Amino acid sequence: IRSGEIAKEPLLKAGFMLRVVVLASGKTEVDEAEKRVAPSGTITLPLVGTVPVDGLTIRQLSDKLKELYSVYLRDPMVDVDFVLKSDTAGSISPWGYVSLMGRVKKPGRINIPPTRDLTLSMAIQLAEGLDSSAKLTGIKITREIAGKVEQFEVNLQSVVDKGELYSYIKLRPGDVVYVP
């Protein structure tokens, strides 16, 4: 996050994985470790049933669930958080993702972690590394900036040879990386 920017809370949408815990009188009443938001933008929980969550923040959902569970429980405490597992097929990061294509062992979507700190080298590692035919020079990153699509090249060979750090580029949601 650059100075002057305000970090926005991600809005819930279909595909997000949530953990929902409800406590009352010191006891855990509800413990849903992995609840996926359905394509309809809802989650289904014990006692309260189907709850529309699409477009809400975690804080708004927590407040809504506290209100709903108050009908059944005295002074419920509700804890809602994102579950982000890179090994969960089809999971979507609330912080976005980058697409990694070309000569990597496992091309595809790489979720941005909760720290929002994904570098080019980390993305390559998450794609299980470079293929044996990959070139370290001429890696292309395509990024949309202020409505314009821009493309730039990265030379990872210079990192290996000279230890240049400029190639440790921080990736942004929506970036497309192509390894030739």
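The values are calculated or read from the model by the stated rules, or taken from the named source; none is laboratory data. What you see is a predicted model, and the numbers here were worked out from it, not measured in a lab. Here the Cβ positions follow ideal geometry from the backbone for every residue, glycine too, while neighbour counts run over all protein chains shown. Surface areas here come from the heavy atoms of the whole protein model, side chains and all, with no ligands, DNA or RNA. Shrake-Rupley method; radii C 1.70, N 1.55, O 1.52, S 1.80 Å.
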Self-check item: Odd one out for residue 101 among (1) without any contact (Cβ under 8 Å) to a residue 60 or more places away in the chain; (2) closer than 28 Å to residue 155 by Cβ
Solution: (1)
Exercise. Taking only segment 77-109 into account, find how many residues are crowded, with 18+ Cβ neighbours inside 10 Å, modelled with pLDDT under 90 and in contact with a Ser or Thr (Cβ under 8 Å, 6 or more places away or on another chain).
Key: 0
Quiz item: Among the residues of segment 25-45, is there at least one that is closer than 24 Å to residue 126 by Cβ and open to solvent by less than 80 Å² (accessible area, probe 1.4 Å)?
Solution: yes
